[in-house]
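First the structure, in the form of structure tokens, and then the observations on it.
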Amino acid sequence: MIPSLIRKLRGNTQAEIVPADGAAHAAPVVLDSSQLVQVSRLAGSLGREAAEVSGTIDDLAATGALQSEGCRQLSSDMDGIHSANRAIAQAAEANRQAVQEAREAVVSVGQGVAGAMQTLREVSQAAAEITQIALQTRLVAFNASVEAKRAGDAGRGFAVVADAVKDLAAKVEQSSKLIMGTVTQLDRRIDELSREIRHDAGTDSAFHAALGRAEASAGEISVAADQNVSSCASVLESVRALSSQVDQTARSLALARERTSAMLGVSESMIELTASCGVQTVDTPYIERGMEMAREISALFEQAVATGQLTLDDLFDERYQPVAGSDPVQYTTRFLALADRLLPELQEAVVATLPKVVFCAAVDRNGYLPTHNHRFSRPQGTDPLWNAANCRNRRLFQDRTGLAAARSTRPFLLQTYRRDMGGGQFALMKDLSAPITVQGRHWGGLRIAYQF
């Protein structure tokens, strides 16, 4: 366990350190300046490793979150596929039943056709009988006509009737023969249809063969659909289990991120404690310069308000206006022009005079960085990755380090972090910040980022 460090300054070169519980039996440990410097170096090394681990876990946590969301989406998609397959299976079964019903209907139609054929044969037989009767009637009429001629004038009326009956019988005979011919043709056609529809033992018409193939295909589709539903159900269960595991991993990574952040905070506190003891460490020049410059910026901002260059409300403007077409998004505020006028000279001087400084910039309490160093204030181009690395002015940086630096009101804050350079590139850095205040209000902080 890392003990809590309770400083009791002895001049500027020694400190007493007691355990966290402050137990009476624990003798204070006295460290001289060289030991404090060593503690500072060890704390810096611990901070570096903690920042590396924290950054790696951040990456894993972000990946885990994406995977978790992907698994949830996959599970939702599989639910949809499973539902669709169930609908297909139901439709396939309905189709199979419909084909079976069609077969039954065809059989029924075949029976009806057979009945129609029987009726037609009866009609044909009746027409044949009518034809026979018509022949007999013509014969009778002919005999009657002969007898009427023999009777002379007395049989003339009877002859007229006999001729009419003979003509009627001829017409009936003709009509009967026509009916018989038509019925014969219809009978032949219906018989052909009947043979196609009929599926008696020992016969297999083309129609029934096609119907059988359709029925078999419908059955195969139904079986395949059922198997697909079963497979989808199995895959869906696996996806749900995987999604649950990924969610658990994401939660574990989130917890690990919190713990590594706490470990990183402990290492930063150790660095601050050793720096506050008054001994000269590698961080002392940055701490002193950062605090001095934060006071200078505070004085310049107060003077700008006092001389009417802008109002206090303008200086604390939080209505960040997006710059159209910028990617990553840049913003403007009412104090941007003042920052562009006052800050570059001060910030560039720090970059030029202190070693290993990567950037020096003031940010407001929300992490808004209005005016960056010249090398990071290029005009944006069409490549967002290039913009992310080279156009860092007028942007909001609300990561853990950025917000902590922006909102800290302690005399100074020293952090260790991985700086995102864009395009998947990171740089391990230290971040020294000191608060900027205007008329007693906390405006933000000055950040100096430098390499280990």
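The numbers here are math on the coordinates, done by the rules we state, and not lab data. Remember, it's a predicted structure, so these values are computed and weren't measured experimentally. Ideal geometry is used to build each Cβ from the backbone, glycine not excepted, and the neighbour counts take in all protein chains shown.
Here each label is just a point 7 Å from Cα along the line to Cβ, and for residue 128 and residue 299 those points are 13.5 nm apart.
Computed FRET efficiency, Cβ-Cβ of residue 223 and residue 189, R0 35 Å: what is it to the nearest 0.05? Result of the calculation: an efficiency of 0.30.
Straight-line reach from residue 356: taking Cα to Cα under 16 Å and skipping same-chain neighbours fewer than 8 places apart, the lysines in range are 430.
You can think of it this way: the chain between residue 389 and residue 251 has 46.6 nm of extra reach, that is 0.36 nm per residue less the Cα-Cα gap.
Residues whose amide H lies under 5 Å from that of residue 452, counting only those 5 or more places away or on a different chain, are 430; hydrogens are built 1.01 Å from N in the peptide plane. Take the Cβ atoms of residue 334 and residue 63, set R0 to 35 Å, and the FRET efficiency comes out at 0.30. If R0 equals 41 Å, the separation of the Cβ atoms of residue 428 and residue 324 corresponds to a calculated FRET efficiency of about 0.70.
Fully extending the segment from residue 366 to residue 151, taken as 0.36 nm per residue of separation minus the present Cα-Cα distance, adds 63.5 nm.
Applying 0.36 nm per residue to the separation of residue 452 and residue 241 and subtracting their alpha-carbon distance, the gain on full extension is 71.5 nm. Could you compute how fast segment 282-452 diffuses translationally, taking Rh as the Kirkwood radius over C-alpha pairs and applying Stokes-Einstein at 10 °C with viscosity 1.306 mPa s? Give it in µm² per second. My calculation gives 99 µm²/s for D.
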